[in-house]
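Beneath this line is the structure, given in structure tokens, with notes to follow.
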Amino acid sequence: QQQVKQSPQSLIVQKGGISIINCAYENTAFDYFPWYQQFPGKGPALLIAIRPDVSEKKEGRFTISFNKSAKQFSLHIMDSQPGDSATYFCAAIPKGTYKYIFGTGTRLKVLA
Amino acid sequence: GAGVSQSPSNKVTEKGKDVELRCDPISGHTALYWYRQSLGQGLEFLIYFQGNSAPDKSGLPSDRFSAERTGGSVSTLTIQRTQQEDSAVYLCASSYQGFPNTEAFFGQGTRLTVV
């Protein structure tokens with residue numbers, strides 16, 4: 001069964017620190033890896049995404065690192081801010097399909 | 001509106017009753033998805049529509065769950081004879097084509113509570 005495992009379940013970071021969330025997948029046929037950010041009472045919103053032919057993608061303070069051989073990808077939030085406090089979901093989309101398979105989520109709290 | 005709209009935002013129902021959840025996708029989006037989010041859990045895929053057809057219903061938990069989409073637009077998720085384990089936030093998303101690498105836009109969800 002295709003799965004995406006996400007860790008940690010929760011994370012507390014001081015303002016200005018680096019938040020790191022990790023995901024691992026078990027099926028090599030995934031070809032798109034988006035990260036979604038969800039605030040309480042809201043639906044998830046796309047934050048950043050990467051394809052497996054790229055090892056890193058940066059957008060502002062957010063960076064995805066992708067390790068194809070290890071089947072792992074991670075989200076780094078630099079200079080974390082209290083406004084970043086939210087739940088983050090990694091996802092993977094099997095090649096040739098449309099079905100987003102989500103990780104279990106990481107609840108991030110950034111202390112002021 | 002410009003986003004995915006879901007109604008109602010909250011629904012409390014008695015065990016055994018039927019409920020209907022509605023999703024209005026972004027205009028022009030051909031793909032529509034239903035996901036379920038239980039407390040503290042990830043996003044569980046339920047069903048995917050391409051136009052009015054549903055090529056993948058594999059995530060529907062039981063035959064009490066059904067969904068339809070009409071006019072390539074509005075979708076309704078129906079849960080019959082609701083059970084307490086059906087309590088969750090039901091999220092709808094839409095995307096332009098439904099192919100990989102196309103951003104899925106989510107609605108705010110319907111919080112269903114079965115008492």
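Quick one: which of B:Thr110, B:Thr82 is more than 13 Å from chain A (Cβ to nearest Cβ), open to solvent by less than 70 Å² (accessible area, probe 1.4 Å) and touching a strand residue (DSSP E or B) at 6+ places or on another chain (Cβ under 6 Å)? Break it down into steps so the answer makes sense when it comes.
Values: B:Thr110 fails: more than 13 Å from chain A (Cβ to nearest Cβ).
Just a single option satisfies the conditions, and that option is B:Thr82.
If you check B:Gly59, B:Gly16, B:Gly28, which single one turns out to be part of a loop (DSSP other than H, G, I, E, B), under 18 Å from B:Phe106 (Cβ atoms), touching a residue at least 60 places away in the same chain (Cβ under 8 Å) and not hydroxyl-bearing (Ser, Thr, Tyr)? If you could, list the steps in order and put the result at the bottom.
Numbers: B:Gly59 fails: touching a residue at least 60 places away in the same chain (Cβ under 8 Å); B:Gly16 fails: under 18 Å from B:Phe106 (Cβ atoms).
Within the list B:Gly59, B:Gly16, B:Gly28, the selection yields B:Gly28.
Please work out if A:Ile64 is assigned to a strand (DSSP E or B) and either in contact with a His (Cβ under 8 Å, 6 or more places away or on another chain) or open to solvent by less than 10 Å² (accessible area, probe 1.4 Å) (or both).
Yes, satisfied.
Assuming B:Thr82 fulfils every condition listed in (1) under 30 Å from A:Ser10 (Cα atoms); (2) not in a strand (DSSP E or B) apart from one, which condition is it?
If we test B:Thr82 against (1) under 30 Å from A:Ser10 (Cα atoms); (2) not in a strand (DSSP E or B), just (1) comes out false.
With the requirement that a residue be within 14 Å of chain B (Cβ to nearest Cβ), part of a strand (DSSP E or B) and either over 25 Å from B:Pro55 (Cα atoms) or of a type outside the set (Gly, Ala, Ser) (or both), what does segment A:68-112 give you?
A:Ala86, A:Thr87, A:Tyr88, A:Phe89, A:Cys90, A:Ile93, A:Pro94, A:Ile101, A:Phe102, A:Thr106, A:Arg107
Which residue out of A:Gly41, A:Gly83 is at positive phi, open to solvent by 40 Å² or more (accessible area, probe 1.4 Å) and not aromatic (Phe, Trp, Tyr)?
A:Gly41
Taking the conditions exactly as written (farther than 23 Å from A:Pro94 by Cβ and at pLDDT 95 or above), does B:Arg36 satisfy them or not?
Judged against the criteria, B:Arg36 is not a match.
Filter segment A:29-49 for residues that are over 18 Å from B:Gly42 (Cβ atoms) and either out of contact with any Pro (no Cβ under 8 Å at 6 or more places or on another chain) or away from chain B (no Cβ under 14 Å) (or both) and give the result. Talk me through it step by step, then tell me what you get.
So the first thing to find is which residues in segment A:29-49 are over 18 Å from B:Gly42 (Cβ atoms), and the list is A:29, A:31, A:48.
Residues satisfying the conditions do not exist here.
Select from segment A:1-28 the residues that are among the β-branched types (Val, Ile, Thr) and away from chain B (no Cβ under 11 Å) and list them in ascending order.
Residues of segment A:1-28 that are among the β-branched types (Val, Ile, Thr), as a first pass: A:4, A:12-13, A:18, A:20-21, A:28.
Within segment A:1-28, A:Ile12, A:Val13, A:Ile18, A:Ile20, A:Ile21, A:Thr28 meet the criteria.
Only one of these is loosely packed, with under 15 Cβ neighbours inside 10 Å and either within 30 Å of A:Phe30 (Cβ to Cβ) or within 14 Å of chain A (Cβ to nearest Cβ) (or both): B:Leu43, B:Leu60, B:Leu39, B:Leu21. Name it.
B:Leu39
Working only within segment A:50-61, note down all residues that are loosely packed, with under 15 Cβ neighbours inside 10 Å, more than 11 Å from chain B (Cβ to nearest Cβ) and not in a strand (DSSP E or B).
First, the residues of segment A:50-61 that are loosely packed, with under 15 Cβ neighbours inside 10 Å: A:51, A:53-56, A:58-61.
Narrowing further to those that are more than 11 Å from chain B (Cβ to nearest Cβ): A:53-56, A:58-61.
Hits for segment A:50-61 are A:Asp53, A:Val54, A:Ser55, A:Gly60, A:Arg61.
Return the residues of segment B:41-56 that are in a loop (DSSP other than H, G, I, E, B) and either free of Cβ contacts under 8 Å to residues at least 12 places away in the same chain or of a type outside the set (Gly, Ala, Ser) (or both); say none if nothing qualifies.
Of everything in segment B:41-56, those that are in a loop (DSSP other than H, G, I, E, B) and either free of Cβ contacts under 8 Å to residues at least 12 places away in the same chain or of a type outside the set (Gly, Ala, Ser) (or both) turn out to be B:Gln41, B:Gly42, B:Asn52.
Looking at A:Leu75, A:Leu108, which one is within 12 Å of the chain's Cα centre (by Cα), touching a residue at least 24 places away in the same chain (Cβ under 8 Å) and farther than 30 Å from B:Cys23 by Cα? Walk me through how you get there before you give the answer.
On the way: A:Leu108 fails: farther than 30 Å from B:Cys23 by Cα.
So the residue among A:Leu75, A:Leu108 that is within 12 Å of the chain's Cα centre (by Cα), touching a residue at least 24 places away in the same chain (Cβ under 8 Å) and farther than 30 Å from B:Cys23 by Cα is A:Leu75.
The values are calculated or read from the model by the stated rules, or taken from the named source; none is laboratory data. All values derive from a computational prediction rather than experimental measurement. Reconstructed Cβ throughout: ideal geometry from the backbone, glycine too, with neighbour counts over all protein chains shown. Only protein heavy atoms, including side chains, enter the accessible area calculation; ligands, DNA and RNA are left aside. Shrake-Rupley method; radii C 1.70, N 1.55, O 1.52, S 1.80 Å.
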